[in-house]
Amino acid sequence: MNLAVETFDLNRTFKLKKAKNKGENGNNNGKLIALENANIKIHQGELFGLLGPNGAGKTTLIKILATLLLPTSGTGLVDGIDVVKYPEKVRKKINMVSGGEHCGYGILTVRETLWMFSQFYGIATKVAHRRIDELLKILKMEEFAKTKIGKLSTGLRQKLNFMRGFVCDPKIMFLDEPTLGLDVQIARDVRIYIRTWMKENPERTVLLTTHYMAEADELCDRVAIIDKGRVLVCDSPQNLKKSLAGEAVFYIEIPLSVNGMEKFGQIPGVKQFAYEHKSHLGRTELKFILEEESAISNVTESLSGNGSKIISLSKMEPSLEDVFVALVGRGLKNEN
Amino acid sequence: MTNILKRAKENLRTIRTAGKLGWAMESNWTDPFLFAIYSIVRPLASSLILVVMYYVVTRGKTGMDLFAYIYVGNAFFMYVINVLFGVSWVIHEDRDHYQMIRYIYISPIRMYYYLFGRGIAKMVLTTVAVIITMAFGMLVLKIPVNLLAINYPLLLFSVAAGIFIITCLGILLAGVSMVTAHHSYALTEGMAGLFYLACGAIYPIDILPVWLQYLSKALPLTYWLELVRRSILGKSLSPTLSGYSDFQLILIMAATTLILALFSHWVYRSIEYIARKYGKIDQLTSY
Ligand SMILES: Nc1ncnc2c1ncn2[C@@H]1O[C@H](COP(=O)(O)OP(=O)(O)OP(=O)(O)O)[C@@H](O)[C@H]1O
Ligand SMILES: [Mg+2]
């Protein structure tokens, strides 16, 4: 049995325009390394998550696997087929949904759009109609079946984009932030659909990128955490969280203070440190991952030495986000 | 064998589906009356401009033969402009306006059939416009066309061949559009203009400078226009081309078309590769 996705030392660099070349993100002489020696194996039937901050290279990886972009070097196999050498063969097995509202041609209705794409994928008439009905029902879009896309709201368009991907019933599905910007209810419908779809047929595989840690934790069999083009770890969410078991995670809230945050990372016993300003609440939320629990006394001392009043302090079970912070050295939100 | 049949079926389905999409776009007018006016009056108006210019320049002195030559050439040249744009503009539209090209591109369809399909609506509308323009020319301007003497098989064959030729050119330009930004409009316009001058649309190629005649003779559109005129008017005004029999012209057209098709294919594939390499397939060009 083939692996659904397998990459060998996949690299992708982009040439930078002069103005952008500021020496960050591992670029040198006008080059930006979007993907660096990425090695990933995804098994058939797996729901695989790709986590990483903005610019980590997630979309780049998906584009290469979806035959939209060539790697600079390395090999990518999808269902055992080389994406560079045989893109036509790969295309029969895959589909892709990237978040965002572009879901079709404004002049067509929802049903016409789904029908059109089913035809591009050669789905038999009866099957296509049945599947369209099913999708419309599960994603609660029945009442919009005859609405022109141009008249749909952004969220509904995004939902349609999602349906467009699934109407072709690919063997391997690439979802690039499918729930980005969706309201809670719609995002839930989408997640439920993904899970049901996976369950229906054990050969189906999903590679999904997301910014929502909870989503990855809830959905994915395994996740890879990727930063600055490098795959840092790859394991099940459970195992990743277990890897932090020896460490203690604390949340501390202090009154909003913008300056001098970095020094808290240097407190003895602190393994990783992240913070988020919640200016609307007038608070700053600090997160400490400690080598061991006892180190919390160093933290509280240091905070009070700094004159910060501690509003609240709580110990957390490590979440996927903590794993992320521990590895990447910063949270998804407070990027530097 | 079954494989070839299966493929043919897939490609036909692609053409049909893309054709419907193209038609939906083309007829996306809230008022069908306006749509009819637009697709009929506009080409007619452009022909009339030519007529007026002709009379101003020649003061009506030149004979009907040359006028008929110009009128027919100009009418059928509408295919070149419309189909060329219809096919090549798809890349730009799908990438920048609808932002769907990535989904079209990664689907298992063959792009050539998709592009052709998208152009069909334009082909149909142009055919209607050409028929109306010709009828107007015969009834109002008294262009000497004998409906009973028209070589219909040759005419139908020529129109079909012309559409194929222009589709090949459209695919070539579609390839170029994958890496160029907005200039692709000017490029298409320029290419159509070049053909207008070089392919004998409004005057026989014999009056062109010799070096330009080489280009004329390399372009299948030259033979296409000649065949169209022969089938309708029964004669030709070009000393160079009238030396060939219909059959010889068809052969030359077939040979030049084959070369053009191979060249277009090569250009399209090469540029597609470059676009995929530089991440340009779905990169917006209109900021
Ligand atoms: N066509 C391109 N030309 C130049 N640079 C590019 C191009 N596409 C991507 N990049 C750069 O490559 C890096 C990786 O981008 P990519 O889109 O893969 O990140 P991502 O992980 O998907 O981020 P996000 O979470 O913001 O979607 C970024 O720094 C980006 O600016
Ligand atoms: Mg991305």
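The values are calculated or read from the model by the stated rules, or taken from the named source; none is laboratory data. Everything numeric in this text was worked out from a predicted model, so none of it was measured. Because the Cβ atoms are built from the backbone with ideal geometry, glycine has one as well, and the counts that use them run over all protein chains shown. Note: areas computed on protein heavy atoms with side chains; ligands, DNA, RNA excluded. Shrake-Rupley method; radii C 1.70, N 1.55, O 1.52, S 1.80 Å.
Comparing the full protein assembly with the isolated chain (1.4 Å probe, heavy atoms, ligands and nucleic acids excluded), the residues of the stretch B:266-287 losing at least 30 square angstrom of accessible area are B:Arg276, B:Lys277, B:Tyr278, B:Asp282. Electrostatic bookkeeping for A:Ala38 treats Lys and Arg as +1 and Asp and Glu as -1; over the other residues with beta carbon under 13 Å from its beta carbon, the sum is +2. A 1.4 Å probe, protein heavy atoms only, puts the accessible area of B:His265 near 80 Å². Reducing the stretch A:73-121 and the stretch B:160-209 to their Cα centroids gives an inter-centroid distance of 31 Å. Cross-link pairs exceeding 28 Å in C-alpha to C-alpha distance, out of B:Lys9/B:Lys217; A:Lys271/A:Lys309; A:Lys93/A:Lys242, comprise B:Lys9/B:Lys217; A:Lys93/A:Lys242.
Pairs of alpha carbons in the stretch A:246-317 separated by more than 15 Å make up 48% of all such pairs.
With a 1.4 Å probe and every protein chain left in place, work out the accessible area per residue of the stretch A:33-120 in Å², rounded to a whole number.
Values: 2560 Å² over 88 residues.
That works out to 29 Å² for each residue.
Checking the table A:Lys241/B:Lys280; A:Lys85/A:Lys171; A:Lys171/B:Lys280; A:Lys41/A:Lys228 against a 29 Å threshold on Cα-Cα, which pairs fail? Table pairs above 29 Å Cα-Cα are A:Lys241/B:Lys280. Look at the dipole of the protein assembly as shown built from charges on Cβ: of A:Val328, B:Gly22, A:His43, the Cα furthest out on the positive end belongs to B:Gly22. Whole Å is fine, so just give me how far the alpha carbon centre of the stretch B:249-287 lies from that of the stretch B:49-111. Cα centroid of the stretch B:249-287 versus Cα centroid of the stretch B:49-111: 19 Å apart. Only protein heavy atoms count here; on that basis, with a 1.4 Å probe, A:Ile81 has an accessible area of about 30 Å².
For A:Asp183, A:Asp176, what's the largest-to-smallest order of accessible area, 1.4 Å probe?
Numbers: A:Asp183 85, A:Asp176 15 Å².
Result, largest first: A:Asp183, A:Asp176.
A viscosity of 0.890 mPa s and a temperature of 25 °C, combined with the Kirkwood radius over Cα pairs in Stokes-Einstein, give a translational diffusion coefficient for the stretch A:3-241 of 133 µm²/s.
Considering only B:Ser216, B:Ser245, B:Ser177, the Gaussian network model of chain B with Cα springs below 10 Å gives its largest mean-square fluctuation to B:Ser245.
Mind ranking B:6-13, A:163-170, A:57-64, B:272-279 by how tightly packed they are, going by the mean number of other C-beta atoms within 10 angstrom, highest first?
Values: B:6-13: 13.4, A:163-170: 21.8, A:57-64: 25.0, B:272-279: 16.2.
Listed from highest to lowest mean packing, they are A:57-64, A:163-170, B:272-279, B:6-13.
Excluding A:Ala245 itself, calculate the net charge of residues whose Cβ lies under 15 Å from the Cβ of A:Ala245, where each Lys or Arg counts +1 and each Asp or Glu counts -1. That sum, taken over residues with Cβ under 15 Å, equals -3.
Dipole magnitude for the stretch A:3-241: computed about the Cα centre from +1 point charges on Lys and Arg Cβ and -1 point charges on Asp and Glu Cβ, it is near 760 debye.
When chain A is treated as a GNM with alpha-carbon contacts under 10 Å, the residue of A:Leu114, A:Leu313, A:Leu290 showing the greatest mean-square fluctuation is A:Leu313. Semi-axis lengths, largest first, of the ellipsoid equivalent to the stretch B:192-279 are 30, 15, 11 Å, with √(5λ) applied to each eigenvalue of the Cα gyration tensor.
Largest first, the residues A:Met1, B:Met25, A:Met116 sort by 1.4 Å accessible area into A:Met1, B:Met25, A:Met116.
What's the whole-number percent of alpha carbon pairs in the stretch A:129-255 lying beyond 18 angstrom?
Details: 4908 of 8001 pairs.
So the pairs more than 18 Å apart make up 61 percent of the total in the stretch A:129-255.
To the nearest hundred square angstrom, how large is the accessible surface buried between B and A, total for both chains, probe 1.4 angstrom? Spell out each step's value before the answer.
Working: alone 15340 and 16540 Å², together 28890 Å².
Chain pair B/A: roughly 3000 Å² of buried accessible area.
Exceeding 21 Å between C-alpha atoms, which entries from my cross-link table qualify? They are A:Lys31/A:Lys58; A:Lys63/B:Lys277; A:Lys63/A:Lys137. Mind dumping the intermediate values first?
Working: A:Lys31/A:Lys58 18 Å; A:Lys63/B:Lys277 11 Å; A:Lys63/A:Lys137 30 Å.
In this structure, A:Lys63/A:Lys137 exceed 21 Å between Cα atoms.
Compared with the dominant principal axis of the Cα atoms in chain A, helix A:110-120 is inclined by about 70°.
Measuring nothing but protein heavy atoms, the accessible surface of the stretch A:246-317 at 1.4 Å probe radius is 48 percent carbon and sulfur.
Projected onto its three principal axes, the C-alpha set of the stretch A:104-152 covers 29, 22, 12 Å, listed from the longest axis down. Can you list the aspartates and glutamates whose alpha carbon sits under 20 Å from that of A:Lys140, skipping same-chain ones fewer than 8 residues off? Straight-distance partners of A:Lys140: A:Glu101, A:Glu112, A:Asp169, A:Asp183, A:Asp189, A:Glu200. Along its principal axes, the protein assembly as shown has C-alpha extents of 106, 53, 46 angstrom, given from the largest down.
Arrange the residues B:Leu155, B:Leu115 by how much accessible surface each exposes, largest first, with a 1.4 angstrom probe.
On the way: B:Leu155 30, B:Leu115 0 Å².
Ranked from most to least accessible, the order is B:Leu155, B:Leu115.
Close amide H partners of A:Arg204, meaning residues 5 or more places away or on another chain with modelled amide H under 5 Å apart, are A:Gly45.
Counting only DSSP beta bridges with both residues in the stretch A:65-219, tell me the antiparallel percent, nearest 5. List each step's numbers first, then the result.
Numbers: 3 of 13 bridges.
Just about 25 percent of them are antiparallel.
In cubic angstrom, how much convex hull volume per residue do the alpha carbon atoms of the stretch B:19-277 span?
Details: hull volume 37.2 nm³, N = 259.
Cα convex hull per residue, to the nearest whole number: 144 Å³.
Convex hull volume of the Cα atoms in the stretch A:1-128, per residue, in Å³?
On the way: hull volume 19.4 nm³, N = 128.
Per residue, the Cα convex hull of the stretch A:1-128 comes to 152 Å³.
Quick one: work out Rg over Rh on the C-alpha atoms of the stretch B:1-77, Rh as Kirkwood radius. Reported Rg/Rh, Kirkwood definition of Rh: 1.28.
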